[in-house]
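Engineer: Below is a structure I'd like to ask you about.
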Amino acid sequence: MEQIVKVFIGIFFIFVQAFVGLGITTAAISASNAEDFVADAASIVEASDFSDAVMDKLYEEAKRFGYELFYDKTDLDLDGITDLVALNLKYTYSIPFMNAVSKEHYAKAYAR
């Protein structure tokens, strides 16, 4: 009888560990997806030659995924043409099993 209780307790802890591990893995994948999104957005902004219409579309796309995308345009040589755009992506992720929501995280990329 004592063995049955030990087995059930062991199985319970294995399930808890599996669910917590799955939640942490899911959170890591969410953070990786945000980093990939901002890197892809920087490539698209570079390819569009810093087009405002493209940046507006990317802003809307970021909102669709639950992100907030901010742009910081810079004119390095003061000729009136944008030479550098810093893209800042604000995102949050959660660990569902532990019911934990993280604070705000930021991912940054540059388009030159």
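Engineer: If we sort 6-17, 36-47, 77-88 on the protection proxy, mean other Cβ atoms within 10 Å, highest first, what's the order?
Structural biologist: My ranking of the peptides, most packed first, is 36-47, 77-88, 6-17.
Engineer: Taking a cut-off of 19 Å between Cα atoms, list the lysines near Lys63, but don't count ones fewer than 8 places away on the same chain.
Structural biologist: Lys90, Lys103, Lys108
Engineer: A follow-up question, please. Specify the angular offset, from 0 to 90 degrees and rounded to the nearest 10, of the alpha carbon long axis of helix 52-64 from the longest principal axis of the alpha carbons in the chain.
Structural biologist: Approximately 10 degrees, to the nearest ten.
Engineer: Leaving out ligands, DNA and RNA, what percent of the accessible area of the chain is carbon and sulfur, probe 1.4 Å?
Structural biologist: For the chain, the apolar C and S fraction of the accessible surface comes to 60 percent.
Engineer: Shifting gears a bit: What accessible area per residue comes out for the range 14-112, rounded to a whole number of Å², with a 1.4 Å probe?
Structural biologist: I get 66 Å² per residue for this part.
Engineer: With angles folded into 0 to 90 degrees, how steeply does helix 2-47 sit against the dominant principal axis of the chain? Use alpha carbons for both and round to 10.
Structural biologist: Approximately 10 degrees, to the nearest ten.
Engineer: What full-extension length gain, to one decimal in nm, is calculated for Val101 and Leu22 as 0.36 nm per residue of separation minus the Cα-Cα distance?
Structural biologist: 26.9 nm is the gain from fully extending Val101 to Leu22.
The values are calculated or read from the model by the stated rules, or taken from the named source; none is laboratory data. Predicted model, so just to flag it, every value in this text is computed and none were measured. Positions of Cβ are backbone-derived with ideal geometry, glycine not excepted, and every protein chain shown enters the neighbour counts. Keep in mind that these areas ignore ligands, DNA and RNA; they rest on the heavy atoms of the full protein, side chains included. Shrake-Rupley method; radii C 1.70, N 1.55, O 1.52, S 1.80 Å.
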